[in-house]
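J.: Just dropping this structure here.
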Amino acid sequence: MFESNDQIKYLLETYVEEGSYDSKAMWPITFESFALFTATIATLLRGFAGSARQQNARPDNESMEALEIWGYECSPFVKPVREKLCSLCLPHKMVSCSRGSANRDRMVEQTGRFQVPYLVDPNTGVQMFEGPEIVEYLDAVYTVPPASSA
């Protein structure tokens, strides 16, 4: 299954008792025209962030071990980190830890708190919170420094 609406329909039919939720609350994600429009506006306003390879991205980034980014889809704090991972062409795995998720409990067990985004970098051993600091870290580690003029 590729399309979001197909996935949502499958999940609801498979895991949710009919009538146990208000289907009107789902309209922002199931009304395709609205979802497409708002996603397009957000992409335009953010200058197509994450849609092209950053010019100074290290050439070996694609061969790195996949980084883990813990968060949830609608978090405004996670989005810039995901965009940076994409623009640096870094393989990564999104660990969804929304409310009620077993992954959220795993995060609290591992870190002692719940906060997103949370990055685990197996290439360097770094584990860190805070979106702006993660973006700075990714730029520092996974870009080629500018050539010094001597």
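The values are calculated or read from the model by the stated rules, or taken from the named source; none is laboratory data. Values in this document were obtained by computation on a predicted structure and should not be read as measured data. Neighbour counts are summed over all protein chains in view; Cβ atoms, including those assigned to glycine, are modelled from backbone coordinates with ideal geometry. Quick note on the areas: whole protein, heavy atoms, side chains included, nothing else; ligands and nucleic acids left out. Shrake-Rupley method; radii C 1.70, N 1.55, O 1.52, S 1.80 Å.
J.: Do the conditions hold for Glu68, that is, is it under 30 Å from Val126 (Cβ atoms) and assigned to a helix (DSSP H, G or I)?
T.: Working: under 30 Å from Val126 (Cβ atoms): yes; assigned to a helix (DSSP H, G or I): no.
Taking the combined requirement at face value, the residue does not satisfy it.
J.: Still on this structure: If Thr124 meets every condition in (1) open to solvent by 30 Å² or more (accessible area, probe 1.4 Å); (2) at pLDDT 90 or above; (3) touching a strand residue (DSSP E or B) at 6+ places or on another chain (Cβ under 9 Å) apart from one, which number is that one?
T.: Going through the list (1) open to solvent by 30 Å² or more (accessible area, probe 1.4 Å); (2) at pLDDT 90 or above; (3) touching a strand residue (DSSP E or B) at 6+ places or on another chain (Cβ under 9 Å), Thr124 breaks only (3).
J.: Let me ask you something else. Taking region 102-125, which residues are of a type in the set (S, T, N, Q) and assigned to a helix (DSSP H, G or I)?
T.: Within region 102-125, Asn103, Gln110, Thr111 qualify.
J.: Restricting to region 71-89, give me the number of residues that are part of a loop (DSSP other than H, G, I, E, B), open to solvent by less than 60 Å² (accessible area, probe 1.4 Å) and out of contact with any strand residue (DSSP E or B) (no Cβ under 6 Å at 6 or more places or on another chain). Can you show your working first?
T.: Quick first cut of region 71-89, residues part of a loop (DSSP other than H, G, I, E, B) only: 72-78, 88-89.
Cutting the leftovers down to open to solvent by less than 60 Å² (accessible area, probe 1.4 Å) gives us 75, 78, 88-89.
From the residues that got through so far, the ones that are out of contact with any strand residue (DSSP E or B) (no Cβ under 6 Å at 6 or more places or on another chain) too are 75.
Qualifying residue count for the region: 1.
J.: Still on this structure: Between a first residue in region 110-121 that is more than 13 Å from Val78 (Cα to Cα) and free of Cβ contacts under 8 Å to residues at least 60 places away in the same chain and a second residue that is open to solvent by 60 Å² or more (accessible area, probe 1.4 Å) and not hydrophobic (A, V, I, L, M, F, W, C), which pairs have beta carbons less than 8 Å apart while being 6 or more apart in sequence or on different chains?
T.: Thr111/Gln127; Val120/Gln127; Asp121/Gln127
J.: Would region 38-46 turn up any residue that is surrounded by 12 or more Cβ atoms within 10 Å (Cβ to Cβ) and touching an Asp or Glu at 6+ places or on another chain (Cβ under 8 Å)?
T.: Checked region 38-46: at least one residue is surrounded by 12 or more Cβ atoms within 10 Å (Cβ to Cβ) and touching an Asp or Glu at 6+ places or on another chain (Cβ under 8 Å).
J.: Regarding region 89-107, can at least one residue be identified that is out of contact with any Phe, Trp or Tyr (no Cβ under 9 Å at 6 or more places or on another chain) and of a type in the set (S, T, N, Q)?
T.: Looking through region 89-107, none of the residues is out of contact with any Phe, Trp or Tyr (no Cβ under 9 Å at 6 or more places or on another chain) and of a type in the set (S, T, N, Q).
J.: Continuing with this model, one more query. Which condition does Val116 not pass, out of (1) open to solvent by 70 Å² or more (accessible area, probe 1.4 Å); (2) under 14 Å from Ile134 (Cβ atoms), if it passes all the others?
T.: (1)
J.: Take region 97-113 and flag every residue that is surrounded by 10 or more Cβ atoms within 10 Å (Cβ to Cβ) and not aliphatic (A, V, I, L, M).
T.: Cys97, Ser98, Ser101, Asn103, Arg104, Asp105, Arg106, Gln110, Thr111, listed by residue number.
J.: So if I check each of Ser98, Ser87, Ser75, which one is over 15 Å from Gly131 (Cβ atoms), in contact (Cβ under 8 Å) with a residue 24 or more places away in the chain and not acidic (Asp, Glu)?
T.: Details: Ser87 fails: over 15 Å from Gly131 (Cβ atoms); Ser75 fails: over 15 Å from Gly131 (Cβ atoms).
Checking each option against the conditions leaves just Ser98.
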